[in-house]
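Here's the structure, in structure tokens; my notes come after.
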Amino acid sequence: MTIADIDLVLSAPVNLRDLGGIPVDGGVVREGVAIRTDDLAYVTTDVASELVAAGLTAIIDLRSPLEVSVTGRGPLGEFPVSYHHLPLIADVGESMRGDAPELSHDAMGRMYLRMVEVAAPQLVTALNVIAHTPGAAAFHCAAGRDRTGVLAAMLLLALGAADDDIVADYARTGDNMVAIMQRTAPVMGAMWKALGFDTTAMASTDALLEGSMDVSMRTLLDTLRAQHGDALAPLRAAGLSDATIARLRERAVAA
């Protein structure tokens, strides 16, 4: 499967937001440091230019290798921005096969826990990129919800955010889900078909549009503490240092 197999239209992100203003220990997150978003691989050239002009210096791509092979880096690949491919799920098809029997907010929270435990090294690297890039770092997956939400949660935990504020940021994606699904449908539909999934059956993901998204993130945070004590323990074991956390706080916290 290649980009030629997809009726892809370049478009602006529909789930992009700066984490600036979220309360953390000692103040709030400074604007222009960390941006979470849906897929940047097929933004328009105008959007790419605007992001770079606004201070974007690093992209953290959390998509699987297969997803990256389909759409690549897109227009942003033509700009002087560092690119870091740090997949939180190695095989998106295998992941869906494992979780398809129970697509619920609680099940998603348990999947997030596995991401933190298995992909802790990638998350640590991502936090180091955010800590040391001279401008803004944008991180994304496909929808800007699940993998992106996990990295956002780890960043906010490192900055000393309260659980309620982490959950509130995560849940903001709920208002964008319809637009996200419309934007990503050509890419995701072609990928599911290539992986052998019944694309009509994949509509069962509509279950994730119902109920409160809060459950997924609260499940992650509560289970991390129940199983590890410190919610950042898996990342600390993978090399997250006090020096990196201090650097993140220096860069990202505004009094």
Residues of the stretch 198-224 being assigned to a helix (DSSP H, G or I), at pLDDT 60 or above and surrounded by fewer than 14 Cβ atoms within 10 Å (Cβ to Cβ), in sequence order, are 209
Those residues of the stretch 56-93 which are polar (S, T, N, Q), touching a helix residue (DSSP H, G or I) at 6+ places or on another chain (Cβ under 7 Å) and not in a loop (DSSP other than H, G, I, E, B) amount to 71
Contact list, first residue from the stretch 212-237 and under 10 Å from residue 171 (Cβ atoms), second anywhere and among the polar types (S, T, N, Q) and crowded, with 20+ Cβ neighbours inside 10 Å, beta-carbon distance below 7 Å, six or more apart or interchain, is 213/173
Look at residue 32 and say whether it is open to solvent by 30 Å² or more (accessible area, probe 1.4 Å) and either over 13 Å from residue 139 (Cα atoms) or assigned to a loop (DSSP other than H, G, I, E, B) (or both). yes
Expected output for the stretch 239-255 (first residue under 19 Å from residue 120 (Cα atoms) and in a helix (DSSP H, G or I), partner open to solvent by less than 40 Å² (accessible area, probe 1.4 Å) and β-branched (Val, Ile, Thr), Cβ below 7 Å, 6+ apart or cross-chain) is 248/130
Contact list, first residue from the stretch 107-119 and free of Cβ contacts under 8 Å to residues at least 24 places away in the same chain, second anywhere and open to solvent by 10 Å² or more (accessible area, probe 1.4 Å), beta-carbon distance below 7 Å, six or more apart or interchain, is 107/99
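Conditions (1) under 15 Å from the mean Cα position of the chain (by Cα); (2) more than 24 Å from residue 174 (Cα to Cα); (3) touching a residue at least 40 places away in the same chain (Cβ under 8 Å), marked per residue:
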| position | (1), (2), (3) |
| --- | --- |
| 27 | no, yes, yes |
| 42 | no, no, yes |
| 46 | no, yes, no |
| 50 | no, yes, no |
| 55 | no, yes, yes |
| 64 | yes, no, no |
Tell me whether the stretch 46-55 contains one or more residues that are assigned to a loop (DSSP other than H, G, I, E, B), buried (at least 17 other Cβ atoms within 10 Å of the Cβ) and of a type outside the set (Gly, Ala, Ser). no
Looking across the stretch 74-95 at residues that are under 17 Å from the mean Cα position of the chain (by Cα) and modelled with pLDDT under 95, the single one that is nearest to residue 151 (Cα to Cα) is 89
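The values are calculated or read from the model by the stated rules, or taken from the named source; none is laboratory data. Everything quoted here is computed from the prediction, not taken from an experiment. Note that we place each Cβ from the backbone using ideal geometry, even for glycine, and neighbour counts take in every protein chain shown. The accessibility values were calculated without ligands, DNA or RNA, using every heavy atom of the protein model including side chains. Shrake-Rupley method; radii C 1.70, N 1.55, O 1.52, S 1.80 Å.
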